[in-house]
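These notes are about the structure you will find just below.
FYI, it's all coordinate maths here, none of it is from the lab. Quantities reported herein were computed from a predicted structural model and do not represent experimental measurements. No Cβ is skipped: glycine too gets one built from the backbone with ideal geometry, and neighbour counts run over all protein chains shown.
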Amino acid sequence: MLRIGLTGGIGSGKTTVADLLRSHGLPVIDADLIARDVVKPGEPALAELAEAFGHDILNEDGSLNRSLLATRAFVDAKHTELLNSITHPRIKAETARRFAVAEAAGEKAVVYDMPLLVDNGLDKDMDLVVVVNVDAETRVSRLVKWRGLTEEDARRRLDAQISDEQRLAAADVVIDNNGHLECLDRQIADLMVRIRGLEVE
């Protein structure tokens with residue numbers, strides 16, 4: 001089974017690319033969705049996060065206040081690493097389970113949509129690494145406009161990730177998402193040709 005790692009810096013439009021690949025029939029394992037699942041009420045990771053970052057990160061119904069956690073977890077590298085040490089082992093285990101399910105179902109290729117693919121060295125486990133690339137200033141403006149972040153918070157989150165240069169160095173395919181959707185569609189079509197070719201090798 002072909003494992004396709006899909007990544008990109010925050011605000012790059014990686015989710016849009018994942019949706020387009022899904023529309024072409026590729027199953028997608030979404031690390032962000034898995035990350036939400038592992039911190040649901042009753043999950044051990046949620047209790048550990050409350051201990052590490054303060055019990056007020058829990059809403060009245062016991063769910064995680066993700067925005068409050070983010071303001072504390074991304075304040076510096078030390079706190080980001082603390083967050084990762086709690087959540088990443090659970091995300092890794094659930095991801096492995098979902099890959100196994102896909103392989104057992106006879107899937108020929110699976111997309112792993114993972115923001116920190118290169119940051120965590122997981123690109124080396126992929127057969128093909130696809131990086132969605134957008135210039136940093138555009139990503140900041142998108143985060144402010146579409147996610148409601150302050151400019152300061154947006155830049156802090158960008159800074160918490162590896163550099164664009166490091167991410168691009170790991171890429172087998174770079175999707176340029178600085179332009180219009182039509183341009184993106186053409187690049188996805190070309191990528192699908194490459195993927196289908198790899199499936200039959």
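What the table below lists for this structure:
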{"quantity": "Degrees separating the helix 136-146 axis from the principal Cα axis of the chain, which is the longest one", "calculated": "60"}
{"quantity": "Nearest 10 degrees, 0 to 90: helix 181-199 Cα axis against the chain principal axis", "calculated": "70"}
{"quantity": "Likely footprinting exposure, Glu103, Glu165, fewest C-beta neighbours within 10 Å first", "calculated": "Glu165, Glu103"}
{"quantity": "Amide H contacts under 5 Å for Asn65, placed H, 5+ residues apart", "calculated": "Leu58, Asn59"}
{"quantity": "Difference of contour (0.36 nm per residue) and Cα-Cα distance, Ser23 to Arg66", "calculated": "12.6 nm"}
{"quantity": "Separation in nanometres of the label points that stand 7 Å from Cα toward Cβ, at Val75 and Ala93", "calculated": "2.9"}
{"quantity": "Length added when fully stretched, Ala100-His180, from 0.36 nm per residue minus Cα-Cα", "calculated": "25.2 nm"}
{"quantity": "Among Asp135, Asp61, Asp32, residue whose mean-square fluctuation peaks in a GNM of the chain (springs only between Cα atoms under 10 Å)", "calculated": "Asp61"}
{"quantity": "Estimated FRET transfer efficiency when R0 is 45 angstrom, pair Ser141-Val193 (beta carbons, to 0.05)", "calculated": "0.90"}
{"quantity": "Links that overshoot a 24 Å alpha carbon limit, given the list Lys14/Lys124; Lys92/Lys145; Lys40/Lys124; Lys92/Lys124", "calculated": "Lys92/Lys145; Lys40/Lys124"}
{"quantity": "Local net charge near Ala50, Cβ-Cβ under 12 Å (Lys/Arg +1, Asp/Glu -1)", "calculated": "-3"}
{"quantity": "Rounded tilt (10° steps) of 77-104 against the dominant C-alpha axis of the chain", "calculated": "40"}
